[in-house]
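Just so it is clear, none of the values below were taken in a lab; they were calculated from the coordinates. Since we're looking at a predicted model, the values are computed, not measured. A quick note on method: Cβ atoms are made from the backbone with ideal geometry, for glycine too, and the neighbour counts reach across all protein chains shown.
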Amino acid sequence: MNRLTKTATALLVAGLVGGGAMSYWIFRHATVSLSETYERLPDYSSQIVKEDVYLTAAKLRRLNGRLAFKPRSDLAAHPMATPLDWSMNPFKDVNWQFQLHAWRMMDPLLNEYFKSGSQQSLHEAFSYALDWFSYHYERKLRATMAWYDMAAGIRAMKLALFVDRYHAGELKLRAEEAQRLMTLVDEHATRLQDGGFIADNNHGLFQVFGLNLLCTVAADREPCAHGREFAEQRFSQLLEHQFTAEGVHREHSPSYHFFVSRIINDLGGAKRFDDPKLTAILEKTAAVEAWLLDPSGKEVAIGDSGSKASRPSQQPESPVVGDFSRSGYAIVRGKGSMLFVTGMANSLTHKHADDLSFVLFEHGRPLFIDSGKYGYANDPMRRYVESAAAHNTISLLNDEIGPSDITMSGSSLKSVATDEEGFSITGKIKRPGLFEQERKIRYVPGTSIVIHDEISSSSKQEFVSSLHLAGDLQPERVEDGFDVSLPDGKTIRARLDPGSGNAPCRIEIARGQNDPVLGWETVDYLKMKPASVARAICPGQTRSITWNIALQ
């Protein structure tokens, strides 16, 4: 059994510095005694397999004989020779810092270990854990992302692997190295049972899976006495928080619906947690997935979705409805066509100010698009893609509308109405201190779409109704709207009806503009390309704005 001295502790003090999950913890450390050994458990066999540890395709390259870390294809490899400065941010990229503290530089080494059984790769991976320990516990230095919620959960999975392989005799450690490992185990097990530290979003899943796995292989550690019980309880709560009763993921983005469902399966949800709700929820989420793909098989680029290829998409011969209006999505799809309307406001997690916005796929191709995810950077382009001005909805000319400028009411949509001619989707939102918007979209697949808005404000505003076109389309401005020629010779005609008695509107077209940022489409992480946006700018306090669009 363990004979680790209890004087070796690492205690959290002073709370969070900064705010939220991006804050760092300040460490205070007692003297660590390295005189005693930590004995391996006899007759121990490995429990953890590769799928349990959530390894990615991150790369480690050798530059002039030194290892270099490349977690994403859009970034250059960065040297990873220890000792590391764990506060470094060479690319001014918060996602890169997250990857660093999730110990993603270990992933290619651990992938090699699982592939070939290379104990050298296993020990080299563990050397980064020792270096992380030294930086925070012995040198008492600080790093902003040290205890970022998701990073801590992913680290816990890797710590579980190291404990597992140490007990199995594959990870051979000196007494002081084993003691450092167990200090990290205790710290992670303790923090991952702090209810205030567990995120309510998808990050919390990584935390509870990490805690459960860690306390499976370190059950004899005092902080793990109730760790698996805590993890199971929080997992059950997270399941209900993550998905609606219709099986739609609540984080405003089709990509995260696919991501979270896959993560729960990949990390062995049913194997790790005996929750009777799990199977029923996953069956519902799987049934929803086909509706979240456009006719080309890409994930619909709503919220923080990347519009990447997923799988072949269903192509019904006649239009069908995916009415998830209680959850915040309403979809009509046919052969080569799809209207996807969003009206989801549950939280700020992966949310954009895209309430009552839509994307339209017509004649076998994208027509009206969403500006997409861009990426997680604190810069003007990120603020743009999150703003109402980047979506096919109502914004204001001189005031930026962000994701938080909405009454969080869950879904703002009503059930899809169907008649012999077509489909109607309606919804209503409140933007406190700005305006209220009621929208009706009338859609006849392959023939026409009408977008009608009734808007009211407590003061005179300059409302903007935007229509974002696919990047390869160039609209031609006409007196009361615009025309768009498609590559196959078809012409889309959009005409604006400002409503009787209203002040006239002016129509502008922007493309690849930087001041202010307008007319861009995401093509990859932190990469954009110009795309045209037609904007009807309409002054007033209470008014209507209608786009009549012929799709033939």
Exercise. Using modelled amide H (1.01 Å from N, peptide plane; none on Pro or chain starts), what sits under 5 Å from the amide H of S411, excluding residues fewer than 5 places away?
Worked result: A345
Exercise. Counting pairs of alpha carbon atoms under 8 Å apart in space and at least six apart in sequence, what relative contact order in percent does the chain give?
Worked result: 9
Problem set entry | Amide hydrogen neighbours beyond the local backbone of L518, cut-off 5 Å, H modeled | Q513
Problem set entry | HN-Hα J in Hz across segment 477-487 - Karplus 6.51, -1.76, 1.60, θ = phi - 60°, x for Gly and Pro | 5, 10, 4, 10, x, 7, 10, 9, 8, 8, x
Seminar exercise, completed: The lysines whose Cα lies under 20 Å from the Cα of K271, excluding any fewer than 8 residues away in the same chain, are K50, K158, K284
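Would you work out if segment 410-552 is rounded, prolate or oblate? Take a ≥ b ≥ c from the square roots of the eigenvalues of the alpha-carbon gyration tensor; rounded if a/c is under 1.5, else prolate when a/b is larger than b/c, oblate otherwise.
Note, shape of segment 410-552 comes out rounded.
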Problem set entry | Whether segment 464-543 is rounded, prolate or oblate, judged on the alpha carbon gyration tensor where a/c under 1.5 counts as rounded | oblate
Problem set entry | Folded to 0 to 90 degrees: helix 276-289 orientation relative to the chain principal axis, Cα | 40
Exercise. K351: which lysines have alpha carbons under 21 Å from its alpha carbon, excluding same-chain residues fewer than 8 sequence positions away?
Worked result: K298, K308, K373, K414, K428, K430, K527
For this session: Compute the distance in nm between two label points, each set 7 Å from the Cα along the Cα-to-Cβ direction, one at R66 and one at K92.
Result: 2.3
Problem set entry | Principal-axis tilt of helix 254-266 within the chain, Cα atoms, nearest 10 degrees | 30
Exercise. Rounded, prolate or oblate: which one fits segment 297-550, using the alpha carbon gyration tensor with axes a ≥ b ≥ c (rounded when a/c is under 1.5, else prolate when a/b beats b/c, else oblate)?
Worked result: rounded
Seminar exercise, completed: For Cα extents along the principal axes in Å the list reads [x] 86, 46, 45; [y] 59, 56, 48; [z] 59, 55, 54; the calculated value is entry [x]
For this session: Any aspartates and glutamates with Cα under 15 Å of the K92 Cα? List them, leaving off those in the same chain fewer than 8 positions away.
Result: D74, D379
Seminar exercise, completed: In order over segment 106-112: 3J(HN,Hα) from phi, Karplus 6.51/-1.76/1.60, θ = phi - 60°, whole Hz, x for each Gly or Pro, gives 6, 4, x, 5, 6, 4, 5
For this session: Per residue of segment 512-529, in order, report the coupling 6.51 cos²θ - 1.76 cosθ + 1.60 (Karplus, θ = phi - 60°) as ³J(HN,Hα) in whole Hz, putting x for Gly and Pro.
Result: x, 8, 10, 9, x, 6, 8, x, 9, 10, 5, 10, 6, 4, 6, 10, 10, 10
